[in-house]
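Structure first, then comments.
Here, each number is a calculation from the coordinates, and none is a lab measurement. Only a predicted model underlies this, so the values are computations on that prediction, with no experimental measurement involved. Cβ coordinates were reconstructed from backbone atoms using ideal geometry, including for glycine residues, and neighbour counts include every protein chain displayed.
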Amino acid sequence: MITGKYPALRLRRNRKNSWSRKLIQENTLSSNDFILPIFLIDGSNKKESITSMPDVYRYTINRLAQIVDKAIDNGLPMVALFPKTRNSLKNEIGSESLNENNLVCKAIVEIKKRYKNQIGIMCDVALDPYTSHGHDGLIKSNQIINDETIKVLINQSLLQAEMGCDVLAPSDMMDGRVGEIRKALDQVGYQNIQILSYAAKYASSFYGPFRDAVGSKGSLKGDKKTYQMDFRNTDEALREVALDVKEGADMVMVKPGMPYLDIIKSIKEKFKIPVFAYQVSGEYSLISHAIKKKLINEDAIYESLVAFKRAGANAIVSYYADRINKIIK
């Protein structure tokens, strides 16, 4: 309800000075709101650029300190690890996901050894970086099979927890996987490992640069529409979140971010659970390329990030996180 009327009420009065605007602002950003994705590659002493993602790189394990130091200097609470697995290590069943010497496991060990609990580690639970077909699950008769995939995801989760991962993030969208992973973790004494469920992950056109970054784009056969959500649906997202909360999810993710602000808002209002947003690679690259071409200015970054907070997101996964202090200032 609007009270008062012009000319006694002039809303521009509160906008006149910068100090006044600060006093009445409704949403703010801090480094506490961000998670930095980090891409991993095999080898030594490499920092490899990603053509489709300006100012984002892949790092070998012995160069991780370079980017993790930056995250800590920016006051970030957590990093998220994503591997670019060599094609020679990929197969139909994604068995490299269960190798204790895979890139993610080695990165977890390195970060924990160097930084202890200075910063949290989030790990993706899904098979697409490891499968030769680029899908998040096992395939049988040209179908992504649900229950058999969950068995692999459980073992992947247990391995990552054993290595020292703090937050497991199932991003595969298999039905029932959160409950089965929670049960398996609890049975072996990992009751305190958190689960951040990609509860509302849409089959989106905005993932292209990420698939470049992890090397799955060229190998992906078909699409992911039989397990990722239809972007035309809202109620379905609420059902997905309700199920994951009942199964033991501590937090939920909406992915992509910007085109789904309404979904973030609906989930937050209905469930009062921590909701994270992923400003995905396509969103990042569109903004970054537009800035480089001087179509928009750098203030667009801050504006895009505030939008997530305005919608109700508790935290944001963003490739801008390693520069967040500069962006906020």
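Put simply, the amide H of Val317, placed in the peptide plane, has neighbours under 5 Å in Ile35, Ala277, Tyr278, Gln279, leaving out anything fewer than 5 places away on its chain. On a 0 to 90° scale, report how tilted helix 261-271 is relative to the longest principal axis of the chain, with both axes built from alpha carbons and the result rounded to the nearest 10. That helix lies at roughly 80 degrees to the long axis.
When you restrict to C-alpha pairs under 8 Å that are six or more residues apart and normalise by the size of the stretch 64-183, the relative contact order lands at 28 percent. Computed from the Cβ-Cβ distance with R0 of 25 Å, the FRET efficiency linking Ser95 to Lys217 stands at 0.75. Comparing Ser18, Gln118, Phe210 along the charge dipole axis of the chain, the residue lying farthest to the positive side is Ser18, per the Cβ-charge model.
Annotation for the stretch 219-290: trypsin sites (Lys or Arg not before Pro) lying in DSSP loop with at most 15 further Cβ atoms inside 10 Å of their Cβ are Lys221, Lys225, Arg232, Lys272. This model, with +1 at the C-beta of Lys and Arg and -1 at the C-beta of Asp and Glu, gives the chain a dipole about its Cα centre of some 1720 debye. Per-residue ellipticity at 222 nm computed for the chain from its helices equals -11000 deg cm²/dmol, with DSSP H segments shorter than 4 residues left out and the rest contributing -39,500 (n - 2.57). Rounded to the nearest 10 degrees, the inclination of helix 64-73 to the longest alpha-carbon principal axis of the chain is 30 degrees. The P(r) of the stretch 1-85 has a tail past 17 Å containing 65 percent of all C-alpha pairs. The mean sequence distance of close C-alpha pairs (under 8 Å, at least 6 residues apart), as a share of the length of the stretch 30-328, puts its relative contact order at 20 percent.
How high is the FRET efficiency from Thr28 to Lys140, r the C-beta distance, R0 41 Å, rounded to 0.05? Once the sixth-power term is evaluated, E becomes 0.25. With each label modelled as a point 7 angstrom along the Cα→C-beta vector, the Glu269-Phe231 pair spans 2.3 nm.
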